[in-house]
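Q: Okay, handing you the structure first.
The values are calculated or read from the model by the stated rules, or taken from the named source; none is laboratory data. A quick note: this is a predicted structure, and the numbers were derived from the prediction, not measured. A quick note on method: Cβ atoms are made from the backbone with ideal geometry, for glycine too, and the neighbour counts reach across all protein chains shown. Heads up: the accessible areas ignore ligands, DNA and RNA and are worked out on the full protein's heavy atoms, side chains in. Shrake-Rupley method; radii C 1.70, N 1.55, O 1.52, S 1.80 Å.
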Amino acid sequence: MGIVLKQSIQNVVVTYLGFLFGAVNTLFLYTKILPDAYYGLVTFILASGAILMPLMAFGVHNTLVKYYSYCKDSEKDSFLTLMLLIPLLGIVPVALVGFFWHEPLGDLVSQVNPMVKDYLWYVFVVGLAMAYFEVFYAWCKVHLKSVFGNFMKEVFGRIGVSILLILLHFEVIPLDFFFKGLVGLYLLRTVIIKMYAYTLRFPRLNFKFPAHTKEVLSYSFLIILGGSAALILLEIDKVMLNQFISIENVAYYGVAVYIATVIIVPSRAMHQITYPLTAELLNTNDQVGLKKLYQKTSLTLFIASGILFVLIILNLNDLYLLLPESYRNGFIIVFLIGLAKVFDSLLGNNNSILYNSKYYKTVLIFGVCLAVLTIVLNFLFIPKWGMTGAALASFISIFIFNVVKLGFVKRKFGFLPFTGATFKVFATLLLLAVLFNMLQFSFHPIINILLKSILIVVMYVGILYRFEISEDVSGVLSKWLKKRQE
């Protein structure tokens with residue numbers, strides 16, 4: 001776990017820095033500067049672009065990680081050339097559909113909110129930029145250099161958005177330029193990550209593709225289904241809200257979801273490095289190492305995501321006092337989405353195991369079925385319960401999907417991510433939630449949040465260290481305490 005822990009810690013720092021800027025943008029700048037309807041439009045554009053991304057990347061960001069270690073040194077240039085060209089198989093058809101059917105597509109997505117139609121091309125450009133960004137980010141991951149890519153993904157764009165919003169606030173730029181600048185940020189970060197990836201290995205174009213090209217194309221095509229299904233589970237609620245209720249509600253829902261999304265920051269950081277390591281363990285058929293990595297990532301991520309969930313839920317009322325009144329009705333949304341994110345984290349590197357194994361086709365079928373279920377549930381629940389219905393649909397779909405993946409890994413590989421330590425962490429979190437739910441301060445909301453959070457974290461870390469629940473956590477704390485004593 002040495003390289004995993006080292007780069008995971010670096011990625012956690014970078015990712016939290018990104019979420020710090022994201023929190024400032026989401027909770028304060030967007031809500032105070034951008035009109036609610038236009039904030040909803042931003043949320044719709046980015047969510048729609050994210051759903052298009054797997055199709056336009058054509059699965060290459062996963063394919064590159066899976067097959068790079070298979071390639072001999074003499075094949076790597078031709079393989080990387082292939083990885084640069086394959087996304088065109090998705091980009092060109094999407095561009096043609098957008099060009100020839102722009103009017104009917106625009107009419108379809110703007111039935112309730114007419115303003116959306118004028119920004120339809122923005123969705124295509126954002127999806128394109130996201131697609132090639134992920135390709136070059138994967139290029140970095142296979143060389144076990146994920147930190148800079150993580151910085152570009154999590155921090156760079158958010159700093160850019162902060163600058164754009166401040167310029168908009170002081171009327172340096174008009175609203176229309178803000179949207180163009182937002183799209184430009186996504187394009188710029190793709191160019192930068194491309195330049196960095198080329199410093200790690202500059203591609204010499206070689207059109208004599210590897211012998212296993214057919215297998216690579218087949219995997220890429222199938223992984224589109226998995227990637228699309230995963231993002232539909234995550235993003236379709238924001239897109240479908242636009243079809244049923246006014247776009248301001250997309251902004252309110254997006255803020256609640258963002259608050260809950262903080263829970264998966266450790267997971268996103270750790271997966272940058274565990275994904276290629278999992279692929280290598282599977283390629284070498286190291287079952288013992290795979291089980292150990294599975295259980296360690298599960299426990300570490302549960303420790304981190306669990307405490308974040310408790311902190312968010314116990315501090316949510318104070319946090320909402322800092323926001324405009326129209327954004328304060330999302331407690332149930334935060335709870336449901338947050339619980340789903342904790343379950344995601346509890347599965348550790350489950351996704352890495354499945355998508356890099358020989359069983360990926362079966363898992364993709366599960367994912368597609370559950371993506372369809374998500375769409376159906378949103379159609380049923382949003383007209384009835386609005387934003388709460390969207391959150392409930394997402395929670396049910398993610399819960400079922402995770403149970404299916406958990407059972408499938410157990411059946412095919414013979415192990416679960418849970419250990420006795422998992423249940424000790426759960427008991428500790430439950431104890432903290434009950435104890436500190438009764439503790440209320442009467443100071444300013446920011447002071448209340450800080451006081452309660454410090455008390456909870458100190459007690460939590462103390463219990464983890466005292467009872468040595470996690471080998472990795474105890475090791476890090478022991479080293480830190482030793483240095484302090486010196």
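Q: Please compute the per residue accessible area over the range 338-479 with all protein chains in place, 1.4 Å probe, rounded to a whole number of Å².
A: Numbers: 7020 Å² over 142 residues.
Heavy-atom accessible area per residue stands at 49 Å².
Q: Something else now. Considering only protein heavy atoms and a 1.4 Å probe, what is the carbon-and-sulfur percentage of the accessible area of the range 88-214? Don't skip to the end; give the middle numbers.
A: Values: 4730 of 6580 Å².
Carbon with sulfur: 72 percent of the solvent-accessible area.
Q: Could you calculate, for the range 150-231, the ratio of the Cα radius of gyration to the Kirkwood radius, expressed as Rg to Rh?
A: Values: Rg = 18.7 Å, Rh = 16.2 Å.
Rg divided by Rh gives 1.16.
Q: Run the 1.4 Å probe and let me know the accessible area of W385, rounded to the nearest 10 Å².
A: 130
Q: Also, quick follow-up: Could you size up the charge dipole of the chain around its Cα centre, putting +1 on the beta carbon of Lys and Arg and -1 on that of Asp and Glu, and report it in debye to the nearest 20? Each step should come with its number before you reach the end.
A: Numbers: 38 positive and 24 negative charges, 319 e Å.
Taking the Cα centre of the chain as origin, the dipole is about 1540 debye.
Q: Count neighbours as other Cβ atoms within 10 Å of each site's Cβ, and list the trypsin sites (Lys or Arg not before Pro) in the range 279-373 that are DSSP loop with at most 15 such neighbours.
A: Within the range 279-373, the qualifying trypsin sites (Lys or Arg not before Pro) (loop, at most 15 other Cβ atoms within 10 Å) are K358.
Q: Can you compute the FRET efficiency between K358 and L416 using 1/(1 + (r/R0)^6), with r the Cβ-Cβ distance and R0 = 30 Å? Round to the nearest 0.05.
A: On the way: r = 20 Å, r/R0 = 0.67.
Taking R0 as 30 Å, the efficiency between K358 and L416 is 0.90.
Q: Would you kindly calculate the mean projected area, averaged across all directions, of the convex hull enclosing the Cα atoms of the chain, in square nanometres?
A: Details: hull surface 96.4 nm².
Over every viewing direction, the Cα hull of the chain projects on average to 24.1 nm².
Q: Below 8 Å between Cα atoms, with a sequence gap of 6+, how large is the relative contact order for the chain in percent? Intermediate results must be reported in sequence, preceding the final value.
A: Working: 634 pairs, mean separation 100.4, N = 486.
Once normalised by length, the contact order is 21 percent.
Q: Can you give me the C-alpha center-to-center distance between the range 238-278 and the range 153-200, rounded to a whole angstrom?
A: The distance from the Cα centre of the range 238-278 to that of the range 153-200 comes to 19 Å.
Q: Express the carbon and sulfur contribution to the solvent-accessible surface of the range 302-450 as a percent, rounded to the nearest whole number, probe 1.4 angstrom. Before the final figure, lay out the partial values.
A: Details: 4790 of 6650 Å².
Carbon plus sulfur share of accessible area: 72 percent.
Q: Take V457 and T213, extend 7 Å from each Cα along the Cα→Cβ direction, and tell me the distance between the two endpoints in nm.
A: About 5.3 nm, to one decimal.
Q: Now for a separate question. Compute the distance in nm between two label points, each set 7 Å from the Cα along the Cα-to-Cβ direction, one at L188 and one at V403.
A: 4.7
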